[in-house]
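Below is one structure, written out as structure tokens, with a few remarks after it.
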Amino acid sequence: MKKTLVLATRNKGKVLEVERMLKIHAPEISLISMADLDIGDIEETGNSFEENALLKASTVTKLSGLAALADDSGLAIDSLNGEPGIFSARYSGVHGDDAANNAKVLRLMDGISDRSASFIAVLALTRPDGQSIISRGEVAGQIIFSPSGDQGFGYDPIFQPTGFNITTAQMSPEMKDSISHRGKALAQIAPKISPFLSLS
């Protein structure tokens, strides 16, 4: 019997990515999103990826009465002191404007030789009794000089993972899932989802 889990996002790219990976790691889970339940955006007031992921998941659990999985993720660039970090989705001032966010990063990186960066994802799983589980995944890489590729979303067109000569926006969904920060975090937490929901 399928168990329902709410993904605490309205981002269609994230929904598709998590759905693909759950089919592999936890096929017994039926995923719905905040959009399906008409839950509005949740203000991210935490000071870390962990705090924001837990805040989003617990809020959705309270509003829906269902277990929820939330992700807080972003790009951390060494030469920008870890920015955009937890502000990745709204770095340019407009939430979710990928092109503007990428343009701002490239503008700030102009003339900087150290282009090392990491994608970081933290997943928080919550259930109505207040219990939670957290996992974290990271992938190292570098910021290239101009956007390349039309797959993925967010900062994928300007991020080249270590060991590859293409960006994450040039990878097939399956290749990206196998190396991505969210893929790593989900691989850690996915086997725990069903037992966790069964205990609620």
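The values are calculated or read from the model by the stated rules, or taken from the named source; none is laboratory data. It should be emphasised that the depicted structure is a prediction, and the values quoted were computed from it without experimental measurement. All Cβ positions, even for glycine, are placed from backbone atoms using ideal geometry, and neighbour counts span all protein chains on display.
So, in the stretch 67-89, of the ones that are in a strand (DSSP E or B) and closer than 16 Å to Asn11 by Cα, which residue ends up farthest from the chain's Cα centre (by Cα)?
Ala68
The lone criterion from (1) more than 25 Å from Gly163 (Cα to Cα); (2) over 17 Å from the mean Cα position of the chain (by Cα) left unmet by Asp97 is number (2). One residue alone among Ser73, Ser58, Ser48, Ser64 is surrounded by fewer than 14 Cβ atoms within 10 Å (Cβ to Cβ), in contact with a strand residue (DSSP E or B) (Cβ under 9 Å, 6 or more places away or on another chain) and of a type outside the set (D, E, K, R), and that residue is Ser48.
Looking at the stretch 63-76, which of its residues are more than 21 Å from Asn101 (Cβ to Cβ) and touching a residue at least 40 places away in the same chain (Cβ under 8 Å)? The answer is Ser64, Gly65, Leu66, Ala67, Ala68, Leu69. Provide a single number: the residues in the stretch 158-179 that are modelled with pLDDT of 95 or more and assigned to a loop (DSSP other than H, G, I, E, B). Number satisfying all stated conditions: 7.
Test Ile112 against the criterion of being among the aliphatic types (A, V, I, L, M) and in a strand (DSSP E or B), and give yes or no. In short, no.
Give me a count of the residues in the stretch 25-45 that are touching a residue at least 40 places away in the same chain (Cβ under 8 Å) and either within 19 Å of Lys12 (Cα to Cα) or exposed (fewer than 14 other Cβ atoms within 10 Å of the Cβ) (or both). Total meeting the criteria: 4.
A count restricted to the stretch 19-64 and to residues that are part of a loop (DSSP other than H, G, I, E, B), of a type in the set (Ser, Thr, Tyr) and within 16 Å of the chain's Cα centre (by Cα) stands at 1. Does the stretch 140-155 include one or more residues that are more than 19 Å from Leu7 (Cα to Cα), surrounded by fewer than 20 Cβ atoms within 10 Å (Cβ to Cβ), within 16 Å of the chain's Cα centre (by Cα) and at pLDDT below 95? Within the stretch 140-155, one or more residues are more than 19 Å from Leu7 (Cα to Cα), surrounded by fewer than 20 Cβ atoms within 10 Å (Cβ to Cβ), within 16 Å of the chain's Cα centre (by Cα) and at pLDDT below 95.
Filtering the stretch 160-180 to residues that are among the acidic types (Asp, Glu) and closer than 19 Å to Ser116 by Cβ leaves nothing. Arg182 meets the conditions (1) farther than 27 Å from Leu63 by Cβ; (2) modelled with pLDDT under 90; (3) touching a helix residue (DSSP H, G or I) at 6+ places or on another chain (Cβ under 7 Å) in every case but one. The failed one is (1). The single condition among (1) more than 15 Å from the chain's Cα centre (by Cα); (2) of a type outside the set (Gly, Ala, Ser); (3) surrounded by fewer than 18 Cβ atoms within 10 Å (Cβ to Cβ); (4) more than 23 Å from Asn47 (Cβ to Cβ) that Pro173 does not meet is (1).
Only one of Ala190, Ala185, Ala169 is in contact (Cβ under 8 Å) with a residue 60 or more places away in the chain and either touching an Asp or Glu at 6+ places or on another chain (Cβ under 9 Å) or among the charged types (D, E, K, R) (or both). Can you tell me which?
Answer to the selection: Ala185.
The residues in the stretch 1-18 that are surrounded by 14 or more Cβ atoms within 10 Å (Cβ to Cβ), assigned to a helix (DSSP H, G or I) and at pLDDT 85 or above can be counted, and the count is 2.
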